[in-house]
């Protein structure tokens, strides 16, 4: 059985991709990683990641284009702020029997592929506290009012930046059926903060994959991972959650720009320039907190 990691990136995300791959490779030199091009401008990042880390490009590019075209047909060209985020759904049809998908605004602190061991019992895994904030950035109360999901089911909502599953657990027709169902009921979804794929992916997984597991519910709990959580402590090249006395599995700068003076910048900088000379940065004042970040900062443990 083959296992591997998928990422999405274009040339603009080269710096983030290098940091992520450095953090993966320092603990795991063998697990294959496949790049799903975010758009047509990916040749530079693909070459760098291949030379430095052995990352290959997703082979079935026609499928990615077909998926994008079908999505636009269903929702319209201007419905989503970032429609190319849906390209990550190519994970279901790639070379790996079991896979993790990881956003490039993440660095990891363990041999992250080992989390796929949970797939012996489950068909889908995630690892975050998105559910702690209720249905914000995923659904609207309409899903309760019309009996689409129960409150218990919505305890399984997840962040679309880190998740894992099995090849063909979602079929191509499942994707298109899910898109069609969602396009018919846009009032079910919370796009107020310009999220794109996360509400739709949550709908599809909750509807079509009953055997789900959020790793933060493991025995003894698990640490948060959102960079907006101010209580994490730097310990060497990792972060530590003193609230539960555990090291983080990964850190995710969701909704943030990774730049000097952003939260946990020193950790990202460490992995970006691992085995390289660090450039000198001009300090920049952090941007004002967005509405999304203010809402997300209320989440427990993230």
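The values are calculated or read from the model by the stated rules, or taken from the named source; none is laboratory data. In this text the structure is predicted, and so the values were computed from the model without any measurement. Glycine also receives a Cβ, built like all others from the backbone with ideal geometry; neighbour counts cover every protein chain displayed.
Among the residues of segment 72-86, some residue qualifies, meaning at least one is over 23 Å from residue 11 (Cβ atoms) and in contact with a helix residue (DSSP H, G or I) (Cβ under 6 Å, 6 or more places away or on another chain).
Can you tell me which residue is nearest to residue 196 (Cα to Cα) among those in segment 39-73 that are at pLDDT below 95 and buried (at least 18 other Cβ atoms within 10 Å of the Cβ)? The qualifying residue nearest to residue 196 (Cα to Cα) is 71. Against the conditions (1) modelled with pLDDT under 95; (2) under 30 Å from residue 242 (Cβ atoms); (3) surrounded by fewer than 22 Cβ atoms within 10 Å (Cβ to Cβ), residue 172 satisfies every one except (2). Is there a residue being in contact with a helix residue (DSSP H, G or I) (Cβ under 8 Å, 6 or more places away or on another chain), modelled with pLDDT of 95 or more, over 24 Å from residue 251 (Cα atoms) and assigned by TED's automatic domain parsing to the domain that holds residue 86 anywhere in segment 153-160? Looking for residues that are in contact with a helix residue (DSSP H, G or I) (Cβ under 8 Å, 6 or more places away or on another chain), modelled with pLDDT of 95 or more, over 24 Å from residue 251 (Cα atoms) and assigned by TED's automatic domain parsing to the domain that holds residue 86, one finds at least one in segment 153-160, hence yes.
With respect to residue 14, determine if the residue is surrounded by 16 or more Cβ atoms within 10 Å (Cβ to Cβ) and either more than 14 Å from residue 101 (Cβ to Cβ) or free of Cβ contacts under 8 Å to residues at least 60 places away in the same chain (or both). Spell out how you get there, then give the answer.
On the way: surrounded by 16 or more Cβ atoms within 10 Å (Cβ to Cβ): yes; either more than 14 Å from residue 101 (Cβ to Cβ) or free of Cβ contacts under 8 Å to residues at least 60 places away in the same chain (or both): yes.
Against the criterion (surrounded by 16 or more Cβ atoms within 10 Å (Cβ to Cβ) and either more than 14 Å from residue 101 (Cβ to Cβ) or free of Cβ contacts under 8 Å to residues at least 60 places away in the same chain (or both)), residue 14 qualifies.
For segment 16-57, a residue qualifies if it is touching a strand residue (DSSP E or B) at 6+ places or on another chain (Cβ under 7 Å), farther than 27 Å from residue 83 by Cα and in a loop (DSSP other than H, G, I, E, B), and exactly one does: 31.
Looking at 167, 211, 207, 221, can you tell me which residue is closer than 21 Å to residue 85 by Cβ, touching a strand residue (DSSP E or B) at 6+ places or on another chain (Cβ under 9 Å) and surrounded by fewer than 18 Cβ atoms within 10 Å (Cβ to Cβ)? Reasoning before the result, please.
Numbers: 211 fails: closer than 21 Å to residue 85 by Cβ; 207 fails: touching a strand residue (DSSP E or B) at 6+ places or on another chain (Cβ under 9 Å); 221 fails: closer than 21 Å to residue 85 by Cβ.
Unique residue meeting the criteria: 167.
When the residues of segment 116-130 are filtered to those that are in a helix (DSSP H, G or I) and surrounded by 21 or more Cβ atoms within 10 Å (Cβ to Cβ), the one that is nearest to the chain's Cα centre (by Cα) is 130.
Would you mind stating whether residue 143 is assigned to a helix (DSSP H, G or I), in contact with a strand residue (DSSP E or B) (Cβ under 7 Å, 6 or more places away or on another chain) and modelled with pLDDT of 95 or more? Taking the combined requirement at face value, the residue does not satisfy it.
Going by what's in this entry, would residue 158 be described as crowded, with 20+ Cβ neighbours inside 10 Å and either without any contact (Cβ under 8 Å) to a residue 60 or more places away in the chain or on the phi > 0 side of the Ramachandran plot (or both)?
So residue 158 fits the description; yes.
Does residue 99 satisfy the criteria of being in the same structural domain as residue 186 (by TED's automatic domain parsing) and over 15 Å from the mean Cα position of the chain (by Cα)? No; evaluated as a whole, the condition is false for this residue.
With respect to the conditions (1) over 27 Å from residue 179 (Cα atoms); (2) touching a strand residue (DSSP E or B) at 6+ places or on another chain (Cβ under 6 Å); (3) in contact (Cβ under 8 Å) with a residue 60 or more places away in the chain, residue 4 falls short on a single one, namely (1).
When residue 87 is tested against (1) buried (at least 16 other Cβ atoms within 10 Å of the Cβ); (2) modelled with pLDDT of 95 or more; (3) in contact with a strand residue (DSSP E or B) (Cβ under 7 Å, 6 or more places away or on another chain), just one condition goes unmet, and that condition is (2).
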